[in-house]
1. Scan the stretch 16-61 for residues that are exposed (fewer than 14 other Cβ atoms within 10 Å of the Cβ), at pLDDT 95 or above and under 17 Å from Leu137 (Cα atoms) and jot them down.
2. When you go through Ala103, Ala136, Ala94 one by one, which is the residue that is surrounded by 14 or more Cβ atoms within 10 Å (Cβ to Cβ) and farther than 28 Å from Leu38 by Cβ?
3. May I ask you to list the residues in the stretch 59-92 that are small (Gly, Ala, Ser) and more than 16 Å from Lys110 (Cβ to Cβ)?
4. Right, Thr64: out of contact with any Lys or Arg (no Cβ under 6 Å at 6 or more places or on another chain) and open to solvent by 60 Å² or more (accessible area, probe 1.4 Å) or not?
Amino acid sequence: MRPRTATLFLAAVLAFLALPLALQAAPGNAGLNPGDVLHTPKLLARYLRLTPDQVKTTQQLFSTLHNTVEPLRATQKTLDDALKTALQASSPNACSVGDAALAAYDNRQKIKAAYEDFDTKFSAILTPEQLAKYNALKQLVGDDS
């Protein structure tokens, strides 16, 4: 392992191990869980100690994510209901069930792609140390996008 790679790896491991303690020790974080930090722009900015320019970019990225995902989530409810209805028919039509299942799956894939796009763009604005903390946070939450 090259020295820089080893240093970054060590920083990521230490950030991962220290994360629960750091979250609880920070002022105003009583009872705060890592998932809250990961999905709340203000908390994430504070945890990663983002610069003002990074904060501005992060706000734009979260706004774009929200504007993309919210209509898809509303559509997902409708698609899931349609699939449930197709499955519960007295004589389910295989084509109807299949079409409904594919439509619901395709919509979920669009939601997943929006989160992956956010993750890629957000990761690109971080310093190596911030990125190590961010990846450790995602791993702790179980969100390895």
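1. Scanning the stretch 16-61 gives a single hit, Arg49.
2. Residue meeting the stated conditions: Ala103.
3. Those that are small (Gly, Ala, Ser) and more than 16 Å from Lys110 (Cβ to Cβ): Ser63, Ala82, Ala86, Ala89, Ser90, Ser91.
4. Against the criterion (out of contact with any Lys or Arg (no Cβ under 6 Å at 6 or more places or on another chain) and open to solvent by 60 Å² or more (accessible area, probe 1.4 Å)), Thr64 qualifies.
The values are calculated or read from the model by the stated rules, or taken from the named source; none is laboratory data. Keep in mind it's a predicted model, so treat the numbers as computed, not measured. In this analysis, Cβ positions are derived from the backbone assuming ideal geometry, glycine residues included, and neighbour counts consider all displayed protein chains. The area values use the complete protein model at the heavy-atom level, side chains included, leaving out ligands, DNA and RNA. Shrake-Rupley method; radii C 1.70, N 1.55, O 1.52, S 1.80 Å.
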